[in-house]
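Student: Shown below is the structure under consideration.
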Amino acid sequence: MIKAKSTLKKIGRIVLLSVIGLVIGISLYSWNARTFVGNEMPMPFGLGTSVVLSGSMEPTLSVNDLVFVKAQDTYETGDIVVYQDEGLLVIHRIIAIDENEIITQGDANNTADQPVDISLVKGKAIASLPFVGAVAQFLKTPVGFILVIVAAIALFELPYLKERKKANEEQEKIKEEIRRLKEE
């Protein structure tokens, strides 16, 4: 039973460290893309994520929803797409397509957006997770990134600190036994 519990802890630790490593890797990749290329939403393997920052897509998408985006070869009227408008990402629905331009509009907006060159479209929204975007936004901040690194270090060190303490206690018991035997 103790062996199974120990194995389960090790597996859980490995999974958690893998997730933390993935978060750190994606954060560094995204930071590099934003800083050096000006790409607000890098799309490795044609997939990306974006966070809804306004209520313009209510009730379909809400503020702080995490939206999963997939690059497409073609888009259709009615698709919810993400496009880069200068330094910002916009998540709106296509209401018209005119050759190389699309016109979008937020579901909650009364007016259409300015036409956008289709080359600026990152992809189509394929799924969303409510409220998870707040966590994603926090992890992009310096404080969030540092907390992830601290968590990774803690996960590496805490189990070993317990093991070292136990080994030191056992070593002290052995030393005490040796002292007692020398005195006899």
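Where a number appears in this text, it was derived from the coordinates with a stated rule and is not lab data. Please read these numbers as outputs of a predicted model, since none were measured by experiment. So basically every Cβ, Gly included, is an ideal-geometry build from the backbone, and we count neighbours across all protein chains shown.
Student: By a straight-distance test (C-alpha under 17 Å), which lysines pair with LYS70 as possible cross-link partners, with residues fewer than eight away in the same chain excluded?
Tutor: The reachable lysines, counting only those whose Cα sits under 17 Å from LYS70, are LYS122, LYS124.
Student: Moving to a separate point now. Once you charge only the Cβ atoms, +1 for Lys and Arg and -1 for Asp and Glu, what is the size of the charge dipole of the chain about its Cα centre, to the nearest 20 debye?
Tutor: Taking the Cα centre of the chain as origin, the dipole is about 1740 debye.
Student: Then there is this: How many Å³ per residue does the convex hull of the Cα positions in segment 97-146 occupy?
Tutor: 140 Å³
Student: Give the residue from GLY106, GLN84, VAL23 lying farthest towards the positive end of the charge dipole for the chain; charges sit on Cβ (+1 for Lys and Arg, -1 for Asp and Glu) and the dipole is referred to the Cα centre.
Tutor: VAL23
Student: Convex hull over the Cα atoms of the chain, averaged projected area in nm²?
Tutor: For the Cα atoms of the chain, the hull's average projected area reads 16.2 nm².
Student: Another question, then. Please express the Cα-Cα pair-distance distribution P(r) of segment 75-119 as a list of whole percents, one per 5 Å bin, running from 0 to the bin with the greatest distance.
Tutor: Binned Cα distances yield the sequence 5, 25, 37, 24, 8, 0.
Student: What aspartates and glutamates does LYS175 reach when the alpha-carbon gap must be under 14 Å and sequence neighbours fewer than 8 apart in one chain are set aside?
Tutor: Result set, ordered by chain and number: GLU183.
Student: Next up: Can you give me the relative contact order of the chain as a percent, contacts being Cα pairs under 8 Å and 6 or more apart?
Tutor: 20 percent
Student: Also, quick follow-up: With a ≥ b ≥ c the root eigenvalues of the C-alpha gyration tensor of segment 45-112, is it rounded (a/c under 1.5), prolate (a/b larger than b/c) or oblate?
Tutor: oblate
Student: Where a Cα-Cα gap under 25 Å defines reach, which lysines qualify for LYS10, not counting those fewer than 8 residues away within the same chain?
Tutor: Counting by Cα, and skipping residues close in sequence, LYS10 has these lysines nearby: LYS162, LYS165, LYS166.
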